[in-house]
């Protein structure tokens with residue numbers, strides 16, 4: 001017995017600091033895998049968010065990325081897709097709840113209010129996120145849904161353990177890349193268009209005046225010289241003065257037409273209005289004119 005005790009290897013005991021360092025290293029390793037999922041979302045023009053769920057042994061349970069644009073489903077966030085997959089793969093609701101309690105979810109961006117509430121309701125053991133979500137964060141940045149203090153009635157839960165800021169700079173850099181390009185599914189007034197996309201669109205667009213002469217705007221004082229006009233240049237030379245004087249001499253036919261016009265009755269107000277180019281008279285004026 002004594003010999004066995006002498007030959008037995010000494011048991012190594014990790015200090016609390018060493019355990020914490022190992023846990024932090026594991027968190028960083030898994031979060032980097034979540035960053036890779038976010039990059040896949042970015043390559044598909046989705047908001048770059050990726051998540052990974054691991055169990056208590058560190059084994060990966062599922063990997064998901066954002067897919068709202070791809071699926072035309074605004075609720076298809078990475079966390080919601082991961083929860084849905086775990087629920088569908090469980091034998092029962094109780095089995096799913098026990099599995100959630102043993103798991104940790106790593107996500108590149110703080111879960112929104114919807115996702116934070118869902119994670120809390122299913123009993124997720126722990127949540128680790130990267131960048132904070134200033135507009136929609138449900139873990140305390142925008143709304144404190146994770147603690148459960150502000151959830152009324154049946155929505156109350158026991159709280160959700162959240163840790164943020166892990167690899168935050170890398171997550172923010174992916175978000176900047178996405179929003180500099182613009183969200184293809186955003187409403188048009190709120191959809192920024194990158195300069196390179198605008199240039200490519202203009203290069204493919206046909207010219208506006210295709211098949212029609214281009215219009216030239218003129219400003220006062222910019223009238224062309226009448227003598228330089230092609231219409232004026234193409235006009236034949238003026239007739240001799242004798243011919244012009246002969247044309248001005250009234251003929252007997254012209255005199256008869258003028259006399260007939262003087263003897264004709266005066267036009268009605270309606271006819272005068274139409275002849276002068278004014279507005280068409282109303283029905284009452286027409287009846288009065290007749």
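Does residue 183 qualify as being modelled with pLDDT under 90, part of a loop (DSSP other than H, G, I, E, B) and within 19 Å of residue 68 (Cα to Cα)? So residue 183 fits the description; yes. For the range 37-57, the set of residues classified as outside any strand (DSSP E or B), touching a strand residue (DSSP E or B) at 6+ places or on another chain (Cβ under 9 Å) and more than 18 Å from residue 181 (Cβ to Cβ) consists of 37, 55, 56, listed by residue number. Annotation note: Cβ proximity below 7 Å between a residue of the range 133-145 that is at negative phi and surrounded by 22 or more Cβ atoms within 10 Å (Cβ to Cβ) and a residue that is modelled with pLDDT under 90 and in a loop (DSSP other than H, G, I, E, B) (sequence gap 6+ or interchain) occurs for 138/145; 138/146; 139/146; 145/151. I'd like to know if the range 23-40 contains one or more residues that are loosely packed, with under 11 Cβ neighbours inside 10 Å, modelled with pLDDT under 95 and touching a helix residue (DSSP H, G or I) at 6+ places or on another chain (Cβ under 7 Å). Within the range 23-40 (the criterion being loosely packed, with under 11 Cβ neighbours inside 10 Å, modelled with pLDDT under 95 and touching a helix residue (DSSP H, G or I) at 6+ places or on another chain (Cβ under 7 Å)), the answer is no, since none of the residues qualifies.
The values are calculated or read from the model by the stated rules, or taken from the named source; none is laboratory data. Bear in mind that the values here come from a model prediction, so they are computed numbers and not experimental data. Every residue, glycine among them, receives a Cβ derived from its backbone with ideal geometry; neighbour counts consider all protein chains shown.
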